[in-house]
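The values are calculated or read from the model by the stated rules, or taken from the named source; none is laboratory data. The shown structure was predicted, so the numbers you read here are calculated from the model rather than taken from an experiment. We place every Cβ from the backbone using ideal geometry, glycine too, and count neighbours over all the protein chains shown.
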Amino acid sequence: MKFLFPVIISTAIALPFDSVAVDIEPAVNLIVKYDHALAAESYRLQAELAEAHDANMLADPEAEGEFLFPEKGNERRWSVGIS
C-alpha cells in the first residue's frame, strides 16, 4: 500500500495539464446539461455577453479628424471623433 502513494503522485505529476483540462470540459457540459438551474444561468450569461458585445460595436463607424489652428499664440491641436 505504501508503494502506491509514490506511484500515484508521480503519475499525477507526469500527466500533461492540457489533457486534464480537455477531459474536464465534457464533464462540466454534462453537469450543466442535466441541471436546469445551471443551464439557465449559463444561457443568461451567454446572452449578457452577447448583449455587451453588440453594445460595443458601431454599425457603420466613421472617424473624423481636423486640425485646429491656434488663436492668439495657443498651441496647435487636432480634434478627432468617431461617430
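Among the residues of segment 57-77, write down those that are of a type in the set (Asp, Glu) and in contact with a Leu (Cβ under 6 Å, 6 or more places away or on another chain). Once the filter is applied, which keeps residues that are of a type in the set (Asp, Glu) and in contact with a Leu (Cβ under 6 Å, 6 or more places away or on another chain), segment 57-77 yields nothing.
Looking only at residues of segment 37-82 that are charged (D, E, K, R) and modelled with pLDDT under 85, we find that the one that is surrounded by the most Cβ atoms within 10 Å (Cβ to Cβ) is ARG77. Evaluate segment 22-36: report whether one residue or more is in contact with an Asp or Glu (Cβ under 8 Å, 6 or more places away or on another chain), at pLDDT 75 or above and loosely packed, with under 10 Cβ neighbours inside 10 Å. Checked against the condition, which is being in contact with an Asp or Glu (Cβ under 8 Å, 6 or more places away or on another chain), at pLDDT 75 or above and loosely packed, with under 10 Cβ neighbours inside 10 Å, segment 22-36 yields no hits at all.
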